[in-house]
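The values are calculated or read from the model by the stated rules, or taken from the named source; none is laboratory data. Predicted, not measured: the structure shown is a model, and the values here were computed from it. In this analysis, Cβ positions are derived from the backbone assuming ideal geometry, glycine residues included, and neighbour counts consider all displayed protein chains. Side chains included, ligands, DNA and RNA excluded: accessible areas come from the protein's heavy atoms. Shrake-Rupley method; radii C 1.70, N 1.55, O 1.52, S 1.80 Å.
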Amino acid sequence: MSTSIIRGKYVICEAGTDAQTSRVISDGAVFQRDGIIEAVGPYEELKSTHQADEELGGPGFVVMPGLVNAHHHGRGVTTFQNGCIDDCLETWILSGWGRRPYDHYLMTLYTSILMIESGTTTTMYNHAQTPAIGLNDDVSEVLRGFADSGMRTAFSVYFRERNRVVYQDDDQFMSSLPADLSTSLRKFLAAVDLSEEDYFSVFRGLHQQYSGNADSKVTVLLSPSNVHWVSDDFLLRTKEEATRTNSAIHIHLVESPYQKEYGLRTWGHTPVEHLNTLGFLGPEVSCAHSVWLTDQDIDVMAQTGATVCHNPSSNLRLKNGISPVNALLGKGVNVALGTDSTAINDDDDMIQEMRLAAKLHRQPGLDQPALSSHQALRMATSNAARPTSLQDKIGTLETGRFADLVLLNLNAMTEPYTDDGLDVVDLLLYRGKATHVDTVMIQGEVVVKDGRFIKMDRAEVLREIKEQFARPMEGQALEAKKLAHGLTPFVEEFYKDWGKADVAPHYGYNSRV
């Protein structure tokens, strides 16, 4: 049996017990046995009552719960690195069509290493839909990559069946295109078609494989891609399947202003109201982005118990705006944090993402709301644990939970001088960097030591990726890139009459008057 004591000058047991405090033990420690926390308390007390195989950390470290990335697509080598410059979401999605084919196993390993080395121990991974003929193989390779990295994963495949180029029926849009472009687009979309039956078959197979397995680091979620990309019947069937299997649901929602406008044009009310009318929302549902919410939408989210997965870097990069996080928290909505694989530096660094969130939601004025460091850390720990269905197992350092934790080098964080009176959570949010992550433990296994990933040869993973990307781009990818380039003017033309409404933002930073 493997045991260890993990010591820190500060042990952050639970972030954000209220807006201004967290539960912290000074000169504390965690004792774990075979990946499960058995005790948390003062170091001297645990040292005297527990015999451990090894001791990690010390008085020069901060111990905190492993971070949870609540929305992630696992790109590894990112869209920007593939030549896709940030743009509005609706045209940026097109630019990704021409990405090089890639090895799902290697990409998963690489993105996992990036996340783990910056303190993330669990990710909510949302896999892109691929044809039924290749989906099972893709999923197997992704999950093999996560398993080999040691990462804990809340895994879903998203399903998208309509309005896939613009927010209009696919056939109707294709009928407006030149014949050659329409033919190419029809061929491209047919290649990624997936039936509902195939989708649910894949989900059930994964659910059967991983549910009830106490040693598994995988939980399986359902994922309608977005309310406008699936039918109402599919949403209702998803809800029924989630109830039958006691599974969580992950969905993108009102990421862009055009998605909100689609709802108003199609149903006469917002997408959130539409989901509520269907009875879709509930505590088992997490909604990625949720930027363009009305006050009524926020009330609905609070009343139904749904989670919002906030992705500040992605929302800024793709010109989608700022989610009303202060208003959501003020109404009691559970808000989690994620990188969406479009983090500020393309590095899936949750420490940076926490810092960005904490700074972004500081509204001007003495009497205006501001997201505290404690709230930001909670969004990346216990709040983010809830949509994974592991809220009783991860997100805090408590007896009976998985030993998923991070040690940060406090001495490096405070050099050359830092006032002793500062709160350690403020210190983490203001000064912490991925380079300060010294040790990462997932279910009792040390996967990062002295700041480096140790489960496998990181350099070899990068070497193999470089070798694959050095090969000439294949014909199919070139055709997709050409198709995306040809479609872009027609997509821009489609939206030229959208976005004309005079909208009042939730946050007012300055005035033209």
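Here is how the numbers come out for the structure above:
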| quantity | calculated |
| --- | --- |
| Listed residues 196, 90 arranged by accessible area, highest first, probe 1.4 Å | 196, 90 |
| Per-residue SASA entry for residue 100, accessible area with 1.4 Å probe, Å² rounded to 10 | 60 |
| Per residue accessible area in Å² of the chain, where ligands, DNA and RNA are left out and the probe is 1.4 Å | 41 |
| Environment charge of residue 509, counting only residues whose C-beta is closer than 13 Å and scoring Lys/Arg +1, Asp/Glu -1 | +3 |
| Residues whose placed amide H lies under 5 Å from that of residue 309, excluding near-sequence neighbours | 287, 288, 289, 336 |
| Cβ-based net charge around residue 194, under 10 Å, with every Lys or Arg adding one and every Asp or Glu removing one | -4 |
| Solvent-accessible ranking of 322, 465, largest area first, probe 1.4 Å | 322, 465 |
| Peptides 272-279, 28-35, 400-407 ordered by average Cβ neighbours within 10 Å, highest first | 400-407, 28-35, 272-279 |
| Region 79-86 - phi-based ³J(HN,Hα) in whole Hz, Karplus 6.51/-1.76/1.60, Gly and Pro as x | 4, 4, 5, 8, x, 9, 6, 4 |
| Span from the region 336-371 Cα centroid across to the region 460-479 one, whole angstrom | 33 |
| Extended-chain gain in nm, criterion 0.36 nm per residue less alpha-carbon gap, residue 34 and residue 17 | 3.3 nm |
| Inter-centroid distance (Cα atoms) of region 23-79 relative to region 248-307, Å | 36 |
| Computed accessible area, residue 455, all protein chains, 1.4 angstrom probe, square angstrom | 70 |
| Difference of contour (0.36 nm per residue) and Cα-Cα distance, residue 244 to residue 190 | 16.3 nm |
| Summed residue charge, Cβ within 13 Å of residue 372's Cβ, Lys/Arg positive, Asp/Glu negative | +1 |
| Percent carbon-and-sulfur accessible area, region 420-489, ignoring ligands, DNA and RNA, probe 1.4 Å | 51 |
| Estimated distance in nm for a label pair at residue 2 and residue 49, the labels positioned 7 Å out from Cα along Cα-to-Cβ | 2.5 |
| Gain upon complete extension [residue 140, residue 460; 0.36 nm per residue less C-alpha separation] | 113.1 nm |
| Shape call, region 156-278: gyration tensor on alpha carbons, a/c limit 1.5 | oblate |
| Modelled FRET efficiency - R0 25 Å, residue 216 with residue 277, Cβ distances, 0.05 increments | 0.10 |
| Spacing of the two label points (7 Å from each Cα toward its C-beta) at residue 303 and residue 502, in nm | 2.9 |
| Surface share of carbon and sulfur [accessible, 1.4 angstrom probe, percent] for region 147-194 | 48 |
| The chain, helix-only ellipticity at 222 nm - DSSP H runs n ≥ 4, -39,500 (n - 2.57), divided by all residues, nearest 500 | -11500 deg cm²/dmol |
| Which of 349, 180 is most accessible, then next, and so on - probe 1.4 Å | 180, 349 |
